[in-house]
Amino acid sequence: MPRSPLHRLAARFAVISILSSAIASCSPPAGAPPVQQGTGPKSDGAAQAPSAAPPPEAPDRAFADLSARFLEGYLAREPVAATEAGEHRHDARWPDRTAEGEAEARRFYAQTLAELERIPQSALDPQARVDHAMLGSQLRYSLFAIDELRDAQTTPLYYTRLVGDGIDPLVNRNFGTREERMKSLRGRLEGIPAVLAAAKKRLGRPPRLHTETAIAQNRGLVNLCRGDLPKRDPSLASAAGRAAAALEDFQAFLERDLLPRSDGELRLGRERFTKKLGFYLDDDIDPEAVARGARELLVRTQAEMADTAREIWPKVLPEKKMPKATTPEEKKVFVRQVLDALASDHPTNETIVAEAKDLVARATVFVREHDLVRVPEEPCGVIEMPEYRRGVAVAYCDTSGPLEQKPEAFYAISPTPADWDEKRKLSFYREYNRSMLADLTVHEAMPGHFLQLMHNNRFPSKLRAVFSSGPFVEGWAVYSEWLLAKYGFGGPKVRLQRQKMVLRLAVNALLDHGVHAGTMTEAEGHALMMNEAFQEEGEAVGKWRRALLTSAQLTTYYYGFTEMMKLRAANEGKPGFSERAYHDKILGFGSPSMRHLRALVNP
């Protein structure tokens, strides 16, 4: 999954936001708020909230003006998101995560929404009508996140991820000059104690798993500040030392104070889950209908896998007679035998990064040879996932933001955690065997997240590019797996793994629903993943944790993919259809919500 863009107006996790705007050029005007370390913008220096006065008569002009002012105000209040987006005036600062800062942000979102609602959507041009609707949805989500989700009070991950997100691009990207990045990094390091002081003051009784995960992530941040950063640049030593001391103090707080009282509820509950899912999908959906559709896709794909397994059997199990496998249960056993044979051909901690690099190169050549979509000029780097990013997903795509002058992207792969025993490591790599790694690379890099987000960054409306629809982003990535398998990339072995990934996205939605709108137990979740989706034990353990730590995002894969496939079915029979023209067209709209993409493709 991509690590950017995300739901930055709430606690950033691994979820994609749903905001856009219609203006073709909205670079923030000159006169940035003054740099302040450790806090968000102050009322006497930051961009002000949108005016409560009636908008000008021309709706398009009013909407463009509001969009520009919102982006300016948002980036000033969310400096970490600004850095990731490529706006570097705020790189030395942190957002204000105190209760007072959150209250000021809430006023900003509420006032923006009030002004937006006075602009008649029907009077705008088609692109702006879409953006008006999506902006309203995002602003309402922001208020819902502050009022009902309350992540700043309910999860320490809100803060450990914020610190990691704030340091990471200054360390791992190459924008501007090294001297400028190190100066900003020193400012961020100096501000860490204030961020953590707000966390200690605000955190109440989080779920225990959230605190346990934050303890592991914070330990990685301590190691980063104590070890890696001073080695990178001696000028960071003093600021990094003070940041490390604050993080060590926070570690003691997490372990001795917060963990003993971490008895909060992990599950959102049906009502809040329904609301949150509606915002994430930006659609009027019935969670029960989504779960039914996911179950149907699961059963249908299991049957397709049996057909693919028949193609593979003679190549991987030539010494054995192929079973007939006529009943659903017999087919599952049959498919499992073929998957087991493929699982034995796997990378290791020592080879996985190099193998991923080779797969990115091969997939790029394949896409070009078949002229499937415009390939970005920007390179896609492959890196080992930093320690402080681990613990949730095995891979992510981290791209520079759409405001960045020098685009760059990384496909990050996570080796197994250091504390895993050999049995669990083997389970992990049996899951991420070489055929599965090929499919994962398609999803994360080429032509999946990397390619799509590079297209997204070219979209003329910077707000739509900065804040992208999760179902679109994830839907395209899963659709790209289907596309390359359709053209034969990696042959039937990779196609079988792609079908297994479809089982995974169906199970993702069922886990999301079962955990947060139901009462699914860990045993039930493991049985669903391992028995119905052929996942290895290590993958099931990690995914169960992710389902508990997140909500709504896991459903975006299923919803986005199925909507992408419906849209293709409605268009591929039209005269003049070609893969290249169709794909360039849908990627040319930025990353709108799926309901709006349908309207844009088929006006």
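The values are calculated or read from the model by the stated rules, or taken from the named source; none is laboratory data. Just so we're clear, the structure is a prediction, and the values are computed from it rather than from any experiment. Virtual Cβ from ideal backbone geometry, glycine too; neighbours counted across all protein chains shown. We work out accessible area using only protein heavy atoms, side chains counted, and drop any ligands, DNA or RNA first. Shrake-Rupley method; radii C 1.70, N 1.55, O 1.52, S 1.80 Å.
Restrict the check to segment 286-309 and report whether at least one residue is more than 20 Å from M520 (Cα to Cα), open to solvent by less than 30 Å² (accessible area, probe 1.4 Å) and either aromatic (F, W, Y) or modelled with pLDDT under 95 (or both). There is no residue in segment 286-309 that is more than 20 Å from M520 (Cα to Cα), open to solvent by less than 30 Å² (accessible area, probe 1.4 Å) and either aromatic (F, W, Y) or modelled with pLDDT under 95 (or both).
Segment 116-182 holds no helices (runs of 4 or more DSSP H) entirely within its bounds that carry 3 or more residues that are touching a residue at least 60 places away in the same chain (Cβ under 8 Å) and in contact with an Asp or Glu (Cβ under 6 Å, 6 or more places away or on another chain). The lone criterion from (1) open to solvent by 40 Å² or more (accessible area, probe 1.4 Å); (2) in contact with a Phe, Trp or Tyr (Cβ under 8 Å, 6 or more places away or on another chain); (3) within 30 Å of D151 (Cα to Cα) left unmet by K276 is number (1).
The numbered conditions (1) modelled with pLDDT under 95; (2) assigned to a helix (DSSP H, G or I); (3) open to solvent by less than 20 Å² (accessible area, probe 1.4 Å) are all true for R595 except (3). The number of residues in segment 91-118 being open to solvent by 30 Å² or more (accessible area, probe 1.4 Å) and either in contact with a strand residue (DSSP E or B) (Cβ under 8 Å, 6 or more places away or on another chain) or among the hydroxyl-bearing types (S, T, Y) (or both) comes to 1. Hey, could you check segment 413-424 for residues that are open to solvent by 50 Å² or more (accessible area, probe 1.4 Å) and over 25 Å from the mean Cα position of the chain (by Cα) and say which is modelled with the lowest pLDDT? Filtering first and then ranking leaves D419.
In segment 401-416, the residues that are assigned to a loop (DSSP other than H, G, I, E, B) form Cβ pairs under 8 Å with partners that are among the polar types (S, T, N, Q) and surrounded by fewer than 22 Cβ atoms within 10 Å (Cβ to Cβ), at six or more places apart or across chains, as follows: L403/S27; K406/N174; E408/N174; P415/N349; T416/N349.
Quick check on this structure: which one of V360, V353, V290 is among the β-branched types (V, I, T) and within 30 Å of T160 (Cα to Cα)? Step by step, each of V360, V353, V290 is checked, and only V353 is among the β-branched types (V, I, T) and within 30 Å of T160 (Cα to Cα).
Apart from one condition, F428 fits all of (1) crowded, with 21+ Cβ neighbours inside 10 Å; (2) more than 15 Å from G542 (Cβ to Cβ); (3) in contact with a helix residue (DSSP H, G or I) (Cβ under 6 Å, 6 or more places away or on another chain); (4) not hydroxyl-bearing (S, T, Y); the exception is (2). Per the listing A527, A552, A547, the residue uniquely more than 18 Å from V394 (Cα to Cα) and part of a helix (DSSP H, G or I) is A527. When D421 is tested against the conditions (1) in contact (Cβ under 8 Å) with a residue 24 or more places away in the chain; (2) more than 24 Å from G166 (Cα to Cα); (3) not small (G, A, S), the lone failure is (1). Checking each residue of segment 433-452 against the condition of being farther than 30 Å from G401 by Cα and open to solvent by less than 10 Å² (accessible area, probe 1.4 Å) gives at least one match. Residues considered: R242, R261, R267. Of these, the only one that is under 30 Å from H513 (Cα atoms), more than 24 Å from the chain's Cα centre (by Cα), open to solvent by 10 Å² or more (accessible area, probe 1.4 Å) and touching a residue at least 24 places away in the same chain (Cβ under 8 Å) is R261. Considering only residues that are touching a Cys at 6+ places or on another chain (Cβ under 9 Å) and open to solvent by 30 Å² or more (accessible area, probe 1.4 Å), which ones fall in segment 56-90? Correct list: A64, A68. Of the helices (runs of 4 or more DSSP H) that lie entirely inside segment 277-385, those containing 3 or more residues that are in contact (Cβ under 8 Å) with a residue 40 or more places away in the chain and under 26 Å from the mean Cα position of the chain (by Cα) span 287-316, 352-369.
Would you say R219 is among the charged types (D, E, K, R), open to solvent by less than 10 Å² (accessible area, probe 1.4 Å) and within 25 Å of the chain's Cα centre (by Cα)? For R219, the condition - among the charged types (D, E, K, R), open to solvent by less than 10 Å² (accessible area, probe 1.4 Å) and within 25 Å of the chain's Cα centre (by Cα) - is not met.
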